[in-house]
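Below is one structure, written out as structure tokens; comments come after it.
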Amino acid sequence: MLRRLKRRELGATPPRSVATHVRGKRVRSIELASHKEIVSAHNSGINSLQIDGSEARYLLAGASDGSVGVYDTQQATTFDSITHTAKHEALFTVDKSVPQGHMYSVSSVQWYPVDTGLFVTGSFDNNINLWDTNTLQVEQQFRMPGKVYAVAMSAMATTHMLVASGTEDVRVRLCDLASGAFTHTLSGHRDGVWAVQWSAASEWVLISGGCDGAIRFWDIRQAGCFQVLDQNRSQLGRRPPIVKSVPGATASVSGSSRGESLRVHRQGEQQHSRLNTPPPIRRKFRAKDFEAQRQHPGMVSTLDKATAHYGSVTALQTTDDGLYLFSAGTDSRVRLWDMQSGCNTLVNYEATRIRTHQGTQLAVSSDSSLLFVASAHSIQAYDVWTGHLHSKLSGHYDTVNCCAFHVNDQELYSGSSDRQILVWAPPAHTPLEDLDEKTKEGGALFVKDEDAWSD
Amino acid sequence: MAEGDRHRITDLVESATMSPAKNLDLGVLHDFKAIVRASDANVRIAFDLLFDKLKKNNSQVRYLTLLLIDELFRRSKLFRSLLVPKFEMFMLLTIGYRADYTLPKPSDRATLLRATSMEYVEKWNEMFGVHYKPVHLGYEYLKKTLRLQFPNVREAAAMAERQRQEKEERTQVLLQKKYESLIQEFPDWKAEIQSTMDQMTECFKILVPEAVHYQGAAKEGDLKNIGEQEEEDEYEEYGNSSLRRQLHQQAVEENDLPEKPRETGENATIFGTLRDLYKLLMMRHLPSTQEWLSTLMRVDPPQEKQQLDVFLKEVIDLRSQLLAFRKHCEDLGIELLEVGQTSKALTTVEDEGEDDIIWEEGGSGFSFAEAKSVSRSVKTDEEVTKKAARDVTGASTSNSSMIEQKLTSHEIDEGTGLRHELLKEAPLLSWGAFLDTWGGSSDMPANQRGLQLENHWGKVDTEAIIPAEKIAELNVRSSYYKPVKTEIQPCLAPLRNGGLCQRRDLHRCPLHGPIVPRDKNGVPVGDKCKNEQESEEHHIGQTKNVLLDGKNGASSSAPRTSKDGDDLDLSLASQADIVTQAIANVRERDKVDIKRKREEQAKAKLTQSRRDREHNEAVLRSAAISHSRQGFGEAIGENLDDPFMEDEGGSRGKRRRARGGLAALLKRKPTAKDRLAQRLLSGRVRDATINQLTRDEDANYREAFPNQW
């Protein structure tokens, strides 16, 4: 460590390498934090967690009882001197007692990416609420056609403030916070949408994963989805050079403007033509206007029946650099996709048990080295590139629903149905011996953690 | 070595978990602990084995395994670190809070397992929750999320401890206050007590000049001897309101030893003083010293420990001296007046000093005044009440066994002198409250019973006096009516079997009439003179008498005999014959009469029943006829044919006839259903008939007025 610092001082190593190294080390040593504790203010399971992007300080949690709480992850409210635990209590909670508050389970929460003055929540009561953090009132309410499973805002958007919503309905709707209206209705999925995620690379690209097992890429500037991920299209090893892949090009189906079409596109077209002759009608009520829809260039992609998972897609998560996409499905698989090529990288993440009745959240460490998957009662940390299980974080006593990674502190927050929000952090500096001494002073009842053979 | 240990541990775990008991075998446990302790490898082996055992599908095995796990968990850090990662599984297996992990059979052990496991989890959380977060989280989960009820042993104990401490603190504060006041007051008190004791010593000295020869002995012993000598004497003079006390005095007097110094006119004042001093001692000094002592023993002053010790010593000395004096006085026979008062005084020792003092003043004033006056007055009647008093002692529950003993001894040797003779003629009175103030003629304070509490409604008038006549009125002797018990004579009338009737009735035997005196044969022995006088009148209506009046029958037979026979000394036998004859006559007539009556009754019954039957038949017949008409005749609007009607009536008649006999049981009775069917049928018939009739009518009309149609 000191040698590294010395080398950094001498300028022998590049500026960021020390920090990267330290961060990587810390992430890998993550465990159940004994020095930090978030006191859950919710009466039921935690469904969704998010740390705000502007300060990386406030943790937003949505719970099954319709309440939403905000916790300060930096400043502890109380400090338990006996156990040396900093307790973070909720700064505030909003629940159904607030006018227009959510009646049912809050399925997803989202900070306004620019500051912490607003946040968006989606709930099973079919509403998406925009809350003002300061007044704790609902500023806007979007009525959705069905249960809201996921909401997402683009962290890097500068030209729009759209909330993408995945609901029971097959269409993904984009709610404009500026106007309070739906700006887009993206049709393509054949079943409800459980996961939506904005691309970390482009503010226009939206990714959605539905119960039909498809992951669709939408460019909100043009009609239809431009890419459907297919689990059978895979690439091993290095991906094809990035130079040739221009994001907009892949979407054009007409092919008039773009001369060079990628392999992806071609294959999609082939699939399209192959599937065109016997139209696989999954939903009979759609069969009637099927022909009409087919005429519309934006609807062509609906015929693409490629699936990313054998089952619903429950979670989507891009890496911080926006190059890769993780998806989790009810087939208890986590897949790593190359966003650019749209190929399955075939990284096999060892056995996971992903909950099947609702969407979850995945978390990726900032250097894209570890992936945290909520798996049954524990969280499994995988090495992103090899898929090997790095560690299993167990501490919850019920299904873990979501996890959120704190970039600066290398901490992981996880919410579970046992209504706990646990903090997983690199080991704190307080050694246990020190702690023991202090406990003795405190005169508490618990004993030193030592062997105590009486006979 | 390791293999050997493994086998050994396996064996031990097996043997420990196979028992059906609710506890572990201590020997096995000891061996197990010893071997597990030996090395870390053994701990691991033991953990693996135990966790495997925990998965066994039997609650008893799991329970015993749990006990073993607890033993190791509390002792071995390694074991804890092994178990904690699997803590969720552990809880599932032992508490079974999830539906897919229910506890196996047997169910009673499952309950026990769950309870014990929860207790352990709670305990472990308290002991190691800081170091092992999963334990803490698991506990929290069970408690807060699943809301399981933990035994919460520590909380309860802590609560009890806290309450105890608070109480302790409060009492300590009070004691501190008391202690401070004690420090201030102590010199005065001490002086006062000392003066009292001095006075008492003086009194003893004056009282017993002859005790000089005891001077060599210790002062205490000296006083004691005096006490013994004068004990009985003191009793005599010491006034008491109760009669029993009087009696006791009497008894004591009779038992008096001649050499004992008695209270005379000379030393009466000394005794009085002594009594007052004793009173003071008992009522004020002793309780207060007692209280000080308890205060000093319990108080925990922040400083001045030495001073406390000195105080304590002084108070103890003082108290022992006071006790010695009390003993002497009691030996001399000076006692508190009333038992209730004494007990009250003793209980108030524990109470606040103020209450004590207030009560004491009232009590002493009252009891002294009353005691003296009553004792004086009672003395005058004592001879008369002696016997009564003996009765009293028998009836009342005596508190002092000593007194009773003395009394009985006294009773034994009382038998001579005037007293004895007087006793013979003394009336025997039953026990009552009036005996308490026998012969008393003094007023009584109303509010000084020693029982009243602080009256918060207003000031209590302690001077209030109940006048003597009022007391007398209240204590009027009551007597209750006691019916004179007399033996009821038996009837003694001769019975048919030769015996005599032994019924005991007051005036009249229900079988044999009025009770008259009879001789041993059952013959009434009327006064004969009276019979002679009345014989003339009786003679005329003799027969009638015998017939009608059974009551006088026996008596009237005697006059007849006296009349028929010239001799009044007719033999008893002939008289008896006549009597029996008369009785026989009477009975015969009675029989005839009864027989006739019965016949008449039977005849009347017969005629009545015949009339009833006729009437019934008539009613039934008319009913049947009307019914059949309603069914058919009315509907059709004309009289039906006779045969039909007859048939209907006949069937009814038959049914009626059958009602009485056995055949009725065999015959099926028409049920409601049948009747309904019948009615419906008849209804249909009626409809058809109406139809037919209207059609006929129409046809007739058409025929009659063809042009109008």
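The values are calculated or read from the model by the stated rules, or taken from the named source; none is laboratory data. For clarity, every value in this text was computed on a predicted model and none was experimentally measured. Because the Cβ atoms are built from the backbone with ideal geometry, glycine has one as well, and the counts that use them run over all protein chains shown. Side chains are part of the model used for accessible areas, which takes the heavy atoms of the whole protein and leaves out ligands, DNA and RNA. Shrake-Rupley method; radii C 1.70, N 1.55, O 1.52, S 1.80 Å.
Odds and ends about this structure:
- Lone qualifier among A:V170, A:V120 - being closer than 24 Å to A:D212 by Cα and among the β-branched types (V, I, T): A:V170
- Listed by position, the strands (runs of 3 or more DSSP E) contained in the range A:122-213 that have at least 1 residues being closer than 22 Å to A:I354 by Cβ are A:148-153, A:162-167, A:172-176, A:193-198, A:205-210.
- The range B:138-166, subset facing another protein chain (nearest Cβ under 9 Å) and in contact with an Asp or Glu (Cβ under 8 Å, 6 or more places away or on another chain), residue most open to solvent (accessible area, probe 1.4 Å): B:R154
- Residues of the range A:69-86 include at least one that is within 14 Å of chain B (Cβ to nearest Cβ), hydroxyl-bearing (S, T, Y), outside any strand (DSSP E or B) and in contact (Cβ under 8 Å) with a residue 60 or more places away in the chain.
- Residue match in the range A:357-365 (condition: open to solvent by less than 30 Å² (accessible area, probe 1.4 Å), within 14 Å of chain B (Cβ to nearest Cβ), free of Cβ contacts under 8 Å to residues at least 60 places away in the same chain and part of a loop (DSSP other than H, G, I, E, B)): no
- Number of positions in the range A:13-32 that are open to solvent by 70 Å² or more (accessible area, probe 1.4 Å) and within 14 Å of chain B (Cβ to nearest Cβ): 1
- None of B:R284, B:R326, B:R262 is modelled with pLDDT of 65 or more, surrounded by fewer than 20 Cβ atoms within 10 Å (Cβ to Cβ) and among the basic types (K, R) except B:R326.
- When A:V373, A:V347, A:V400 are checked against the criterion of being crowded, with 24+ Cβ neighbours inside 10 Å and under 29 Å from A:S17 (Cα atoms), a single residue qualifies: A:V373.
- Subset of the range B:100-134 (residues that are over 52 Å from the mean Cα position of the chain (by Cα) and more than 10 Å from chain A (Cβ to nearest Cβ)): B:D100, B:Y101
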